[in-house]
Amino acid sequence: MLTTRFSLLGALFSLFVSCSGGNETPQPTPPIAPSLPEKVAFAHGADISWYTEMAADGRKFYNTQGQEREAPALMRELGMNAVRLRVWVNPENKGVNFCNTADVVRKAKAAQSAGLAVMIDFHYSDWWADPGRQEIPKAWQGHAFSELEKDVRRHTTDVLTAVKQAGVTPQWVQVGNETNNGMLGEMGTAQKPAQYAALFRTGCEAAKSVFPNVLVVVHLAKGYDSGLFKWNLDLLRNNGAKFDLIGMSIYPTEHRYWENGAWKQQSFWSETRRQQVVLHSGSELIDAAMENMAFVAQRYGCKVLVSECGMPLSTPAESKQWFEQLYRATKASSHCAGWFYWEPLADGRWRPASYAQWNWGAYDMGAFTPEGRPTPLFDVLKP
């Protein structure tokens, strides 16, 4: 739109000068402003942080017609409008050469060029951060709390400055990943709420110092657990932390868990029902997550993003039903700002270096075949 506007102005100006018959020195045409990515009102997103590592391993990706595509362009073609990209501090300390600053900049540029909005997901660790693992990066270990705050500020600022210098403007920045129990180990545990909130606040301030209009996301796992969300987010809010959006993970398979050689049903305290709730199916888990979404949106005065979701490749029919349920429920909710499918390019066989070195199995909640083609799960996104 801006390009067209400036072109028309330039043409009119040239016409005026030529018709005036004067000898005035022609003025230069106003410069064309660089186009900024359009903000998406509702994210149909994908976390594709693995794609450069997959490409380095020789993986190729194809559309439904069998035509080879680069991953960001393929996501756009399949109906996505946004990507989520994790960034680790020094993953080389864990034997991984991806998801560092240079890698995330490369992926962010490719995504924006493909017309996708971008989220940068800070783990504040050298590798995976989740409810059971919030390891302090090797370079920050032994630092006093005040120095750790400086580490968080510096890392956040450095990464986002590199992103900005590459011409990318992210729509969202996630400060911490699945911080159910806090972030950065014992220094930022939720059992020390003032320190947890201070570290989160530092990341938020650093993000907005580079991109003042970016939306900061706080992200918790177990999206169905309203008791957990109330406890954690109250800790942040009551200790001076602010956030623009609440992120939640929704994985329908979490309705049960394996313990002592047997499957057990997940249970939790529901703030909306004011009772202990037992989940018997993935569908019930999604319903509970949507209840929680409405609860936290109203309580904290902001919308909710499904920062992560995923369905098993091993049960395609059931997974498609779950995804359709989640897709329709989030679209219908006035409290939801969108969702991100976690690593849809995974095929149930390929393993990243961070999995292989720990003898973990392949990730089974992607949405692609071993031949690099999308599964019917993407049919849910068709008009």
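Here, each number is a calculation from the coordinates, and none is a lab measurement. Treat the numbers as computed from the prediction; the structure is a model and nothing was measured. All Cβ positions, glycine included, derive from the backbone under ideal geometry; neighbour counts span all protein chains shown.
Select one label from (1) 206; (2) 145; (3) 183: the one whose number is volume of the Cα convex hull per residue in Å³ as derived from the coordinates shown.
The calculated read-out lines up with (3).
Could you give the distance between the Cα centres of segment 357-382 and segment 222-292, to the whole Å?
When both Cα centres are located, 25 Å separates them.
Run through the DSSP bridge list for the chain and note the antiparallel percent, rounded to the nearest 5. Display every interim value, and only then the final one.
Working: 13 of 47 bridges.
Approximately 30 percent, going by the DSSP bridge assignments.
For segment 54-106, what does the alpha-carbon gyration tensor say about shape, rounded, prolate or oblate, given a ≥ b ≥ c as the root eigenvalues, a/c under 1.5 as rounded, and a/b over b/c as prolate?
Working: a/c = 3.84, a/b = 1.84, b/c = 2.09.
Taking the square roots of the gyration eigenvalues as a ≥ b ≥ c, segment 54-106 is oblate.
Quote to one decimal, in nm, the extra length available between Arg133 and Lys382 on full extension: 0.36 nm per residue of separation minus the C-alpha distance between them.
85.9 nm
Ranking Ser334, Ser281, Ser270, Ser125 by Cβ neighbours within 10 Å, fewest first, what do you get?
Values: Ser334 7, Ser281 14, Ser270 18, Ser125 27.
By the 10 Å Cβ count, ascending: Ser334, Ser281, Ser270, Ser125.
Please report Ser333, Ser49, Ser354, Ser314 as a ranked list, fewest other C-beta atoms within 10 angstrom at the top and most at the bottom. Don't skip to the end; give the middle numbers.
Details: Ser333 16, Ser49 23, Ser354 19, Ser314 11.
Result, fewest neighbours first: Ser314, Ser333, Ser354, Ser49.
Report the one residue of Leu279, Phe295, Leu377 whose Cα lies farthest in the direction of the positive end of the charge dipole of segment 43-381 (charges on C-beta: Lys and Arg +1, Asp and Glu -1; origin at the Cα centre).
So the residue we want is Phe295.
Among Val304, Leu148, Phe323, flag the residue with its Cα farthest along the positive direction of the charge dipole of the chain, charges on Cβ as +1 for Lys/Arg and -1 for Asp/Glu.
Projecting each Cα onto the dipole axis, the largest value belongs to Val304.
Under 5 Å between amide H atoms, partner at least 5 residues away or on a different chain: which partners does Arg256 have, H built in plane at 1.01 Å?
Gln266
With +1 on the Cβ of every Lys and Arg and -1 on the Cβ of every Asp and Glu, and nothing else charged, how large is the dipole of segment 43-381 about its Cα centre, in debye rounded to the nearest 20? Walk me through the numbers before you get to the answer.
Details: 35 positive and 36 negative charges, 128 e Å.
My answer is approximately 620 debye.
Any idea how far apart Ser333 and Ser209 come out in nm if each label point goes 7 Å out from Cα toward Cβ?
3.4
Which of Glu308, Glu70, Glu149 has the fewest other C-beta atoms within 10 Å, and how do the rest follow up to the most? Provide the component values of the computation, followed by the final result.
On the way: Glu308 24, Glu70 15, Glu149 21.
Sorted ascending by nearby Cβ count, the order is Glu70, Glu149, Glu308.
Count neighbours as other Cβ atoms within 10 Å of each site's Cβ, and list the trypsin sites (Lys or Arg not before Pro) in segment 79-171 that are DSSP loop with at most 10 such neighbours.
Details: sites: Arg84, Arg86, Lys94, Arg106, Lys107, Lys109, Arg133, Lys138, Lys150, Arg153, Arg154, Lys164; in loops: none.
Loop-located and lightly packed - none at all.
Return the percentage of antiparallel bridges among DSSP beta bridges fully within segment 140-283, rounded to the nearest 5 %. Each step should come with its number before you reach the end.
Values: 9 of 16 bridges.
That works out to approximately 55 percent antiparallel.
For the chain, what does -39500 (n - 2.57) per DSSP helix run (n ≥ 4), summed and divided by total residues, give at 222 nm, in deg cm²/dmol to the nearest 500?
Numbers: 10 runs with 137 residues, N = 383.
Only helices count here, giving -11500 deg cm²/dmol.
With 20 Å as the limit, write out which pairs from Lys39/Lys303; Lys303/Lys331; Lys60/Lys94; Lys192/Lys264; Lys39/Lys208; Lys164/Lys331 have Cα-Cα distances beyond it, or answer none. Please list the in-between numbers first.
Working: Lys39/Lys303 15 Å; Lys303/Lys331 13 Å; Lys60/Lys94 26 Å; Lys192/Lys264 31 Å; Lys39/Lys208 17 Å; Lys164/Lys331 31 Å.
Pairs exceeding the cut-off: Lys60/Lys94; Lys192/Lys264; Lys164/Lys331.
Obtain the nm distance between the two label points defined at Ala55 and Asn93 by a simple spin-label model: each point lies 7 Å from its Cα along the Cα-to-C-beta direction.
Modelled inter-label distance: 2.8 nm.
Calculate the spin-label point distance for Ala294 paired with Gln191, positioning each point 7 Å from the Cα along the beta-carbon direction, and give it in nanometres.
Distance between the two pseudo-spin positions: 3.6 nm.
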